[in-house]
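K.L.:
Here it is: the structure, laid out below.
The values are calculated or read from the model by the stated rules, or taken from the named source; none is laboratory data. Just so it is clear, the model here is predicted, and its values are computed rather than measured. Using ideal geometry, Cβ is built from the backbone for each residue, glycine included, and neighbour counts are taken over all protein chains shown. Areas reflect the complete protein model, heavy atoms only, side chains present, ligands, DNA and RNA absent. Shrake-Rupley method; radii C 1.70, N 1.55, O 1.52, S 1.80 Å.
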Amino acid sequence: MNPTRSPRFTTAAPVVLAVAIVVALTMPMPSAAAATTDGLPCEANSANTFSLDAKAGYVSTPDGNSIYMWSYSSSTKAFQLPGPMLCVDSGVTVTVVLHNTLPEATSILFPGQHHQRADGHPAQPQADSTGLTSLTDAAAPLTGSVTYTFTAGSPGTYLYESGTDVAKQREMGLSGALVVRPPGQPDHANGRADSAFDLNREYVYLLSEVDPDLHLAVERKRAFDVTKTKARYFFINGRSMPDTIAPTGAAWLPNQPYGSLVHLKPFVPGDPNSRPALVRYLNAGSVNYPFHPHGNDQRVITEDGQPVQGAGGSDASYDKFLIDIGPGQSADTLDQWVDAEHWNGETNPIPVPLPQLQDQIVGPGTETWFSENPYLGGQPGEVPAGVVRNNQCGEYYMVAHSHALEQATNYGASFGGMMTLVRIDPAAGCPS
Ligand SMILES: [Cu+2]
């Protein structure tokens, strides 16, 4: 690992800069309560046993739409999208009991896991006289159940997802994240010593897409040609920007519990507790999602559950400013923000001209959509009438989004969709 790599502005294409500038001008700042969603909301227990219901429900999109979805939910909890984040240690035996309440057969595949069994026998593809019906043992419609067991694979991030009528059911939302940790080292991404991260700064980006026409057809039990899908919504953890930056468990998103606002502290050289954040990418969709965190590279350290290393275990991790995640793939990345220019509001201010007030997007409430303090803690400047200040405590926000720009929209309207923010607090912290 290279602990002192610097933030950099890359050789960005003009469109990147255009996006950056407009986003900087138009992003609503999270409220104080929304500002810190830290750590992974894992479902975990000592028996490594999970009970999941496949069921139907609705999610909301920022443009006011409500979309019928299918997903996995803990049997004791309400419908949620995506399925619960399951966290286990590598090598343990995991049991997942699937209860199907959907009107058609469904199942769960666990790619990357070992010794997969269903109801006690080796899990296997299913067929009838018409041909293949499921990639693994399926639960019958409405009341069926299957008990899957497997041995958790190598440390990393994995999908669990429907293996039945895949093109339709995965698009309908039947997927979730499975986080496999190195035994006894929950603060390491994989078995390598240089994969250490801050457990309070661990995040999943489960990326997916939705064609609302397919969902309406399924809800109304109409035929739909899944080869004709045209995605209009693009999710991180079942939410679109700006909902992505709302906190995990936000009351106004009752069926979409997971936020994706990454919250960084500046790196402190020589402090062993100053560790990078870990961002776990997963693609549950059908196309590539070229994900682009602005302003700071991320270091790819695990791909598809395997550490990025060379012969003899040599470190082969690499910095990227565009993490291109293909369907079914995963990547774990370390994100460390280094104050390379030694900003100091008194002795080393970094001049950034503020936009004219008339060039900012303001309102309709008390919010203003521009943070005038890009370098961590300058004094708030001119703010519109009715606005107290533009950020909480001098923190800085960078945008992170899919670089396939139609994916950074809500039904074609920018900016939204597969987009979130990275928040960097001042070195002294953020009193609130
Ligand atoms: Cu960009």
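K.L.:
Are any residues in segment 99-121 open to solvent by less than 20 Å² (accessible area, probe 1.4 Å), over 30 Å from Glu202 (Cα atoms) and of a type in the set (Val, Ile, Thr), and if so, which ones?
P.N.:
Selection gives Thr106 alone.
K.L.:
Still on this structure, I have one more. Tell me, yes or no, whether segment 47-60 has at least one residue that is touching a Ser or Thr at 6+ places or on another chain (Cβ under 9 Å), modelled with pLDDT under 95 and in a loop (DSSP other than H, G, I, E, B).
P.N.:
Within segment 47-60, not a single residue is touching a Ser or Thr at 6+ places or on another chain (Cβ under 9 Å), modelled with pLDDT under 95 and in a loop (DSSP other than H, G, I, E, B).
K.L.:
If you check Tyr281 against the conditions, is it open to solvent by less than 10 Å² (accessible area, probe 1.4 Å), within 30 Å of Cys430 (Cα to Cα) and not aliphatic (A, V, I, L, M)?
P.N.:
So Tyr281 passes the test.
K.L.:
Name the residues in segment 140-151 that are over 30 Å from Arg232 (Cβ atoms) and either in a loop (DSSP other than H, G, I, E, B) or open to solvent by less than 20 Å² (accessible area, probe 1.4 Å) (or both), would you?
P.N.:
Matches in segment 140-151: Ala140, Thr143, Gly144, Val146, Tyr148, Phe150.
K.L.:
Turning to a different aspect of this structure: When segment 223-245 is examined, which residues are found to be surrounded by fewer than 24 Cβ atoms within 10 Å (Cβ to Cβ) and either in contact (Cβ under 8 Å) with a residue 40 or more places away in the chain or not aliphatic (A, V, I, L, M) (or both)?
P.N.:
Phe224, Asp225, Val226, Thr227, Lys228, Thr229, Lys230, Ala231, Arg232, Pro242 - these are the residues of segment 223-245 that are surrounded by fewer than 24 Cβ atoms within 10 Å (Cβ to Cβ) and either in contact (Cβ under 8 Å) with a residue 40 or more places away in the chain or not aliphatic (A, V, I, L, M) (or both).
K.L.:
I'm trying to understand the selection: among the residues of segment 175-220, which are in a loop (DSSP other than H, G, I, E, B) and touching a helix residue (DSSP H, G or I) at 6+ places or on another chain (Cβ under 9 Å)?
P.N.:
Pro182, Gln185, Pro186, Asp187, Ala189, Arg192, Asp211
Residues are listed down the side, and each one gets a yes or a no for (1) touching a Leu at 6+ places or on another chain (Cβ under 6 Å); (2) hydroxyl-bearing (Ser, Thr, Tyr); (3) surrounded by 16 or more Cβ atoms within 10 Å (Cβ to Cβ):
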| site | (1), (2), (3) |
| --- | --- |
| Gly39 | no, no, no |
| Glu43 | yes, no, yes |
| Gly64 | no, no, no |
| Ser75 | no, yes, no |
| Cys87 | no, no, yes |
| Gly91 | no, no, no |
| Val97 | no, no, yes |
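K.L.:
Pick out the one residue from Ser208, Ser162, Ser154 that is buried (at least 17 other Cβ atoms within 10 Å of the Cβ), modelled with pLDDT of 95 or more and touching a Lys or Arg at 6+ places or on another chain (Cβ under 6 Å).
P.N.:
Ser162
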